[in-house]
Structures are given as C-alpha cells and as structure tokens.
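To start, the structure under review is shown below, and the notes come after it.
The values are calculated or read from the model by the stated rules, or taken from the named source; none is laboratory data. These numbers were taken from a predicted model, which means no experiment stands behind them. Positions of Cβ are backbone-derived with ideal geometry, glycine not excepted, and every protein chain shown enters the neighbour counts. Only protein heavy atoms, including side chains, enter the accessible area calculation; ligands, DNA and RNA are left aside. Shrake-Rupley method; radii C 1.70, N 1.55, O 1.52, S 1.80 Å.
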Amino acid sequence: MTAGIFQSGALRVLQALARNYEFKGTNRRRLLPSRRTSDPKFLILCYHRIGTNGIPLFSQLPADVFEAQMQYVRTRYRVLSLDNLCDEMEKPATKEDAVAVTFDDGYRDLHTHALPALRKYQIPATIFLPVGCIETGEVPWYDRIFLMLKVFPKDKFEITLDRPRSLRLTSFHERLQVAAEIIQYLRTLPDDRRKEYCKTLEGQVNLPQAELKDRMLTWDQVRAMRREGISFGSHTMTHPAVSQLTEAQHDSELGESKRILEHRIDSPAVHFAYPFGKPADCGTAALPFLVRNGYRSAATTNEGVNKPGDNCFDLRRSQIGNERSISMFAFKMNQLFLSAGDSTVTYSGPGPVLGEPLRKSESQRHKANNA
C-alpha cells in the first residue's frame, strides 16, 4: 500500500497537507484533524551506523538504502544544520517544514559509508560522539554486551536482573533480544554499579578482539569530516544513562567530553545528545550542567517533531531511518509531520531499538526475513 502511495505521488499531497494542518491520535490510533497551523515543523532524524557488517550488531542499514533516504530528504524538504534548526526554533525564517540529520555513537562506517551520501546531497549532518570511545578506540559498553551474547557458547543464559532469569539463546535474534533486555536493566543502575556488572558479564566469555577492532571513528577521520561540513557534538564520555550519574560524574561526562571534543576538532561543540535518550535515561539533573558548560541544545530519542518555541534542551528525534523501504520511510516522515499535534506518535521499525526489547510483531517479522 505504501509503495502505491509513493509511486502515485500521493505523498506530495500529504506533505502539502502537513504544511497547513496537524492531526492528533485517538485511542484507536486513528488520526483526526486537530487544527490549522502556519508554524514550520522540524524533524530530526537519528541514525547510528550505516552498514551491515560487524559491530554495532543492533543496527544494520545498507549504504544504498541510506543514500536513497538522503536523496528523498534533499528533494522533498528543506535540510538544516542543527545550528540553523535551533535558530529557527527561536525565530522561524519561513513557514516550510525542515529536516536535520544526526548520528549517535561515532562508528567508523559513518566515514566510509555515510559521508559519500552526505557529500553528494549536501546534507549538513551532526554526529554525536562518545568522546572517551574515540579517544581509546574502544566500542561502547553495550556493544560489548551484544557481542558477548553473540559468542556465548551455550543456548541458555542464567543471570540475575530484577530477578533470577534463565534466557534462551537458540537463535541470533534471541541473543540480540537478551542483550537488549540486559542493557535495558543496566540503564536503571547507578553508573558505578553498571560498570561492575559489565565487568562481571565480560568475565564469562573471551570476546573476539578482531570484532572489536577499528569500529570507531578516529580523530583524523573526525577532522576530515569536519572539513567537509559535518558537525560534531558530545554524547558524553562513556555513554552512561545520564539520569544515573552523580554530580561529579555529570561534570566529567558532560563537561570533560565537550572540552576534549573542542580541543580535538579546534571548533566549538555546542550540541549534546542523551545516551539512549528516553525520559528515564535523561532525568532532570543534567540541565544545569549543560547550561553551565555552554551547550545550546540537547537531543533525546523521543519521537515527534519540534516546533518554534519548543525547548532546545529537549529536542525530539525519530529513528525511522532503520526502515529499509524508501516508500515506508517517506510515509513515516509524512506521518510524523501530520501528527505534529500528538507528541505520542510512534513507529514500528524492522529491528531492535537500542536497549529496548523487540515487540512480538517485530520478532515475527525478523524471523521471517532470516528464515
């Protein structure tokens, strides 16, 4: 159905409709007219990696699909840098909707696979770096958990989370889901306890070092991308759930990461993205540290669009980029713009959102695609 809408040109009609109207959802998930609007809406796309091989195991987006998405975005919408988006949230330059492109985590395939498409379509993207990982070249802690579950030699995993659990590992999909459940639990722990827990988990298996090597951007690659118009922001030092940090840890993760990043790229870095990015991960204690350290914005992973007057320290971002069908990607972009009056709009992607267990329908589809 979405392919027919895409090919028929009906999406252009929906896009024009979204410029003038907002809709809201009902309990039955139908959309009803909400109000006429003349305000522009700003959609921030959130990606992780572009590529399909190796870490990160939770994200597999082919480069040609990403290029098709960037072509669509450039053709159909105004494309803004995050700086310009924040400017227009304070003082809109036009009534036209706009899109910004962001990436979390700083994987090396952003230089290899994403940069050519960004360059081709002149997309002024922003990449949020876990600065400590770029400094050391080591992948974030959650990637190590995914890898540990991938290579764990048994088909059952005994672990105590909120309670003792015995988890099946009889397929790659189940292993991904178990890793996601463990990460989801660790996001609720004070960060020192989370680190101890990770150390204990890793002691149960020898991680294959070849799969951990050369997965993160180098500073030379970061600076080369910076020269091509790509911006960089902080994603903390070590990718903790910010809500679980102490006051001293806030200063290190939010302040030191910014200072090192600015020194490495010789340029201001004024944008921040919360690791994981859901309300329970962000908390409220970080805001004074963000302001004190000179940040201009903070991005979440809460779905929806942003509007003039919204809080730039609570930016919504969408992860619909994991959708491999360009017609479905286009449809979901239009759905988000049309649903601007409803901040609870959700989507159902083809794979796991980091740290969140797959829903049943996603699990069934994943198994079917890999049968």
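Below are the figures for this structure:
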| read-out | value |
| --- | --- |
| Filtered residues of the stretch 192-241 (kept if touching a Ser or Thr at 6+ places or on another chain (Cβ under 7 Å) and either of a type in the set (A, V, I, L, M) or in a helix (DSSP H, G or I) (or both)) | Arg226, Met237 |
| Single residue of the stretch 211-234 satisfying the filter (touching a Leu at 6+ places or on another chain (Cβ under 9 Å) and of a type in the set (Asp, Glu)) that is surrounded by the fewest Cβ atoms within 10 Å (Cβ to Cβ) | Glu228 |
| Considering residues of the stretch 141-178 that are in a strand (DSSP E or B) and either of a type in the set (Asp, Glu) or in contact with a strand residue (DSSP E or B) (Cβ under 7 Å, 6 or more places away or on another chain) (or both) only, the residue nearest to Pro240 (Cα to Cα) | Ile159 |
| Residue check, Ala299 touching a residue at least 12 places away in the same chain (Cβ under 8 Å) and surrounded by fewer than 22 Cβ atoms within 10 Å (Cβ to Cβ) | no |
| Residue, most open to solvent (accessible area, probe 1.4 Å), within the stretch 79-110, restricted to residues that are farther than 30 Å from Tyr142 by Cβ and of a type in the set (S, T, N, Q) | Asn84 |
| Count of residues meeting criterion [touching a helix residue (DSSP H, G or I) at 6+ places or on another chain (Cβ under 8 Å) and assigned to a helix (DSSP H, G or I)] in the stretch 74-94 | 1 |
| Of the criteria (1) crowded, with 17+ Cβ neighbours inside 10 Å; (2) under 20 Å from the mean Cα position of the chain (by Cα); (3) not in a strand (DSSP E or B), which one Asp64 fails | (1) |
| Among residues of the stretch 167-210, those that are open to solvent by less than 60 Å² (accessible area, probe 1.4 Å), modelled with pLDDT of 95 or more and among the charged types (D, E, K, R), counted | 6 |
| Pairs where the first residue, in the stretch 52-69, is of a type in the set (A, V, I, L, M) and the second is part of a helix (DSSP H, G or I) and open to solvent by 40 Å² or more (accessible area, probe 1.4 Å), C-beta under 6 Å, 6+ apart | Ala63/His113; Ala68/Ile326 |
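Conditions tested, residue by residue: (1) modelled with pLDDT of 95 or more; (2) over 17 Å from Lys41 (Cα atoms); (3) touching a Lys or Arg at 6+ places or on another chain (Cβ under 7 Å).
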site	(1), (2), (3)
Arg264	yes, yes, no
Pro268	yes, yes, no
Phe272	yes, yes, no
Asn302	yes, no, yes
Asn311	yes, no, no
Arg316	yes, no, no
Asn322	no, yes, no
Met333	no, no, no
